[in-house]
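Have a look at the structure below, then the notes.
The values are calculated or read from the model by the stated rules, or taken from the named source; none is laboratory data. Owing to the predicted nature of the structure, the values given are computational and were not obtained by experimental measurement. No Cβ is skipped: glycine too gets one built from the backbone with ideal geometry, and neighbour counts run over all protein chains shown. Remember, those area values only see protein heavy atoms, side chains included, never the ligands or the DNA or RNA. Shrake-Rupley method; radii C 1.70, N 1.55, O 1.52, S 1.80 Å.
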Amino acid sequence: MAPRSFWKGYLKLSLVTCPVAMAPATSDNDKVRFHTLNRKTGNRIVSQYVDSVTGKTVEEDDEVKGYERGDNDYIMLEDDELDAVAMDSTRTIDIEMFVPRDSIEWIWFDTPHYLTPNDPVGEEAYCVIRDAMAASRKVGISRLVMYRRERAVMLEPREKGIVLWTLRFGDEVRDEKVYFEDIGTTAIDSKLMKLVEALIKEQKEPWDPSMVSDPIQEKLLDIIASKKKGRKRPVKAIEEQAAPTNVISIMDALRKSLSQEKGARKR
């Protein structure tokens, strides 16, 4: 059963409109989570907001957003003032333009969501928009208010549905040239290239979700299960890994790596 949607609204293209629902494409519900407890009583510790000057607890009704304009000088913004911003895009995904899918680089992608039709009557309009984007190999660009901010979003056809990606803001993306421009551009030895290509071929595997499993979480669950049964698992000390020594010969290292990979494949 699909998880419940957290957003409902409308998908709009010119004069064509259809009701849609949106749900996150990813989840962290299965992650191991911990509460902070008082070791002496076993009770949970509760967080509270405290006035930084008076030291007194601040009631929820007295909490307000503030924008710092100077040293200890803030402009207060009420919830209704924040909610009034960009209201037109709160419940409507109005596709403003279409661009080639490969023209948007990976670094702009933020969070994926599944966008589905929310009414049998509007399903035909949804499918027409989806199929037209797929046939033209284009993705739609729109704007949507999410988490109190208006965000640019990308709509991508995916088989029977549409995936909506929130896109990062321009000031969030750093220029890669700043980090890569000083890397040398010397010509690579063709023999080294062939050895690395052979090593890549030996290590090639079909993609499988198990490749991104979390071994630390699995160990934590194992420890929790043992404690439930009243057993205390011995905690192994973390072994400090020695820093790799400098490789004198890249050629020798690659040949040795390739030999080891081939041997592992045979076994």
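For the stretch 160-209 versus the stretch 3-72, the inter-centroid distance based on Cα atoms is 34 Å. Once the 1.4 Å probe is applied to the protein heavy atoms, the stretch 32-172 comes out at 76 Å² accessible per residue.
Per-residue SASA remark: Lys191, around 130 Å² accessible (1.4 Å probe; ligands, DNA and RNA not included).
For the stretch 88-189, a simple Cβ point-charge model (Lys and Arg +1, Asp and Glu -1, everything else neutral) yields a dipole of about 320 debye relative to the Cα centre.
Taking the charge dipole of the stretch 1-50 about its Cα centre, with +1 at Lys and Arg Cβ atoms and -1 at Asp and Glu Cβ atoms, the residue from Gly42, Val20, Trp7 reaching farthest to the positive side is Gly42.
Roughly how many percent of the accessible protein surface of the chain is carbon and sulfur, given a 1.4 Å probe and a whole-percent answer? With neighbouring chains kept in place, the figure for the chain is 53 percent. Were the residues from Trp207 through Lys194 laid out at 0.36 nm apart, the gain over their Cα-Cα distance would be 2.3 nm.
Pairs of Cα atoms nearer than 8 Å and 6+ residues apart set the relative contact order; for the chain it is 16 percent. Between Asp28 and Arg231, the simple label model (points 7 Å from Cα in the Cβ direction) yields a spacing of 3.1 nm. Proximity of backbone amide H atoms, modeled 1.01 Å from N, is registered between Thr90 and Val145 at under 5 Å, excluding neighbours fewer than 5 places apart on the same chain. Relative protection proxy for 56-65, 215-224, from highest mean packing down: 215-224, 56-65 (other beta-carbon atoms within 10 angstrom).
Accessible surface comparison of Thr166, Thr54, probe 1.4 Å, protein chains only, largest first: the order is Thr54, Thr166.
Please find, in a Gaussian network model of the chain (springs between Cα atoms separated by less than 10 Å), the residue of Ala134, Ala21, Ala187 whose mean-square fluctuation is greatest. Sorting by GNM fluctuation, first place goes to Ala187. Of the residues His35, His113, ranked by 1.4 Å probe accessible area with the largest first, the sequence reads His35, His113. Counting only Cβ charges, +1 for Lys and Arg and -1 for Asp and Glu, the dipole size of the chain around its Cα centre is about 2340 debye.
Take the Cα of Lys40, step 7 Å toward its Cβ, do the same at Thr111, and the gap between the two points is 3.9 nm.
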